[in-house]
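**Q** Dumping the structure here so I can ask a few things about it.
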Amino acid sequence: MTHTVKALAVILFALLSLPGWSQTGADEDQQARLAEIKQRIEALQTELNEVRSQRDQLLKDLENNEKDISELHQRIDQIKRDMRSRTDKLQELKREQQQLEESRRSMQRRVEQEVAAAYRLGKQEQIKLLLNQQDPQHIARQLRYHEYFLQERSRVIDDYLDTLTSLQTVSTSIERERDTLDTERRQLQERENALRGAQRERSRTLDKLASRLADKSGELQQLQGDRSRLQKLVDEVGRAIASLVSPQDQRPFAKQRGRMQWPTKGRRANAYGQRRANGITWKGITIRADEGEPVRAIHRGRVVFSDYLRGQGMLLILDHGDGYMSLYAHNQSLTRSLGEWVESGDTIARVGNSGGLAQSGVYFEIRHRGEPQDPTLWCRS
């Protein structure tokens, strides 16, 4: 069984075991139901991922290529975030170093003055004060003043030494951050080189697939297979989570009809229900957008699928309760994991062209109890 099969086979089993997703999760009937669901999903995924022909093997190769690309993009994004954070920290350390250096110069002049004053008075400062004063009260007052003077001199010198220590610490931190940034730059270059290699491999796989789909019947067969796999997955997910209870503060999805934002900004490449050249109609809408742009949740929900599905590429599905789901396909990478709650407007993925697309974009569907809905009725134009 492939990695995708194994991962997807346990997805809903794990979901139903999450806190807050089942009523009890302990009684025998619940355990039997979970075991039955797990078996059903395993059988389904074995069927969906079965390699029956050379074309299926090419599709499996494409899946591996695109999952590698997705992981590389995620790693590159993480390295870039780390580098931005370290660059900010480096700039902050440099500002601190500059402030400390200014303090050091100021303190150094003060210390030099204190040392010069101490040298002029000599080592017997208090004795000289006693000998030079006649009035006992005046002598006592002068001794107190002198004590304050000595304490202040000691404080000035201690502050100066602390500043020198802080400067050394900051300088060491700056060098460390520079070294780490250099390492991350090298890692970034390595990942970007690997990404270009994975993208070239994907292009070769797509060329081989194109030769297998040269005629309309081959293209139609693939599209029908893609739609069938997605429908089976949605149906199985829907059945598995039907009994799960949504949080009490969950805003009903149906009440947001016509008010929600589209998942990304871009040009709509098709209309819902539009007939394609091969006779198949669109069940969702493809939004053309630049690769890497954020894909956002249209409504609060929980991630019930976050993985690769043949024909859909990197696919994420949100459950919004009351039988409503939203689907986001062909992503470059997925930024949310199974079981996570997301709020409306949260970034859940990045625009891509996985699943064998020639152009980047997001294929977006809304479903109610497994049946596709027209997204234009739910999202603001």
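**Q** Only one of Ile287, Ile280, Ile298, Ile317 is farther than 20 Å from Gly370 by Cβ and either without any contact (Cβ under 8 Å) to a residue 60 or more places away in the chain or aliphatic (A, V, I, L, M) (or both); which?
**A** On the way: Ile280 fails: farther than 20 Å from Gly370 by Cβ; Ile298 fails: farther than 20 Å from Gly370 by Cβ; Ile317 fails: farther than 20 Å from Gly370 by Cβ.
It is Ile287.
**Q** Here's a follow-up. As an exercise: evaluate Tyr328 against (1) crowded, with 24+ Cβ neighbours inside 10 Å; (2) within 15 Å of the chain's Cα centre (by Cα) and give the number of the one condition it does not meet.
**A** In the conditions (1) crowded, with 24+ Cβ neighbours inside 10 Å; (2) within 15 Å of the chain's Cα centre (by Cα), Tyr328 misses (2) alone.
**Q** Looking at region 251-272 only, could you name the residues that are open to solvent by 30 Å² or more (accessible area, probe 1.4 Å) and either of a type in the set (Val, Ile, Thr) or at pLDDT below 90 (or both)?
**A** Arg251, the sole residue that qualifies.
**Q** Based on what the data block shows, is Ser354 touching a residue at least 40 places away in the same chain (Cβ under 8 Å) and either surrounded by fewer than 24 Cβ atoms within 10 Å (Cβ to Cβ) or not in a loop (DSSP other than H, G, I, E, B) (or both)?
**A** Numbers: touching a residue at least 40 places away in the same chain (Cβ under 8 Å): yes; either surrounded by fewer than 24 Cβ atoms within 10 Å (Cβ to Cβ) or not in a loop (DSSP other than H, G, I, E, B) (or both): no.
Against the criterion (touching a residue at least 40 places away in the same chain (Cβ under 8 Å) and either surrounded by fewer than 24 Cβ atoms within 10 Å (Cβ to Cβ) or not in a loop (DSSP other than H, G, I, E, B) (or both)), Ser354 does not qualify.
**Q** So, one more: Tyr148: at pLDDT 70 or above, of a type in the set (Phe, Trp, Tyr) and over 36 Å from the mean Cα position of the chain (by Cα), yes or no?
**A** Judged against the criteria, Tyr148 is not a match.
**Q** Return yes when Gln359 is free of Cβ contacts under 8 Å to residues at least 24 places away in the same chain and surrounded by fewer than 21 Cβ atoms within 10 Å (Cβ to Cβ) and no when it is not. Show your work before the answer.
**A** On the way: free of Cβ contacts under 8 Å to residues at least 24 places away in the same chain: no; surrounded by fewer than 21 Cβ atoms within 10 Å (Cβ to Cβ): yes.
Considered against the rule, which asks whether it is free of Cβ contacts under 8 Å to residues at least 24 places away in the same chain and surrounded by fewer than 21 Cβ atoms within 10 Å (Cβ to Cβ), Gln359 comes out as no.
**Q** Continuing with this model, one more query. For region 362-381, which residues satisfy the criterion of being among the basic types (Lys, Arg) and either open to solvent by less than 20 Å² (accessible area, probe 1.4 Å) or in a strand (DSSP E or B) (or both)?
**A** The one that is among the basic types (Lys, Arg) and either open to solvent by less than 20 Å² (accessible area, probe 1.4 Å) or in a strand (DSSP E or B) (or both): Arg367.
The values are calculated or read from the model by the stated rules, or taken from the named source; none is laboratory data. Not measured: the values here are computed from a predicted model. Cβ coordinates were reconstructed from backbone atoms using ideal geometry, including for glycine residues, and neighbour counts include every protein chain displayed. Calculation scope for accessible area: heavy atoms of the full protein, side chains included, ligands and nucleic acids excluded. Shrake-Rupley method; radii C 1.70, N 1.55, O 1.52, S 1.80 Å.
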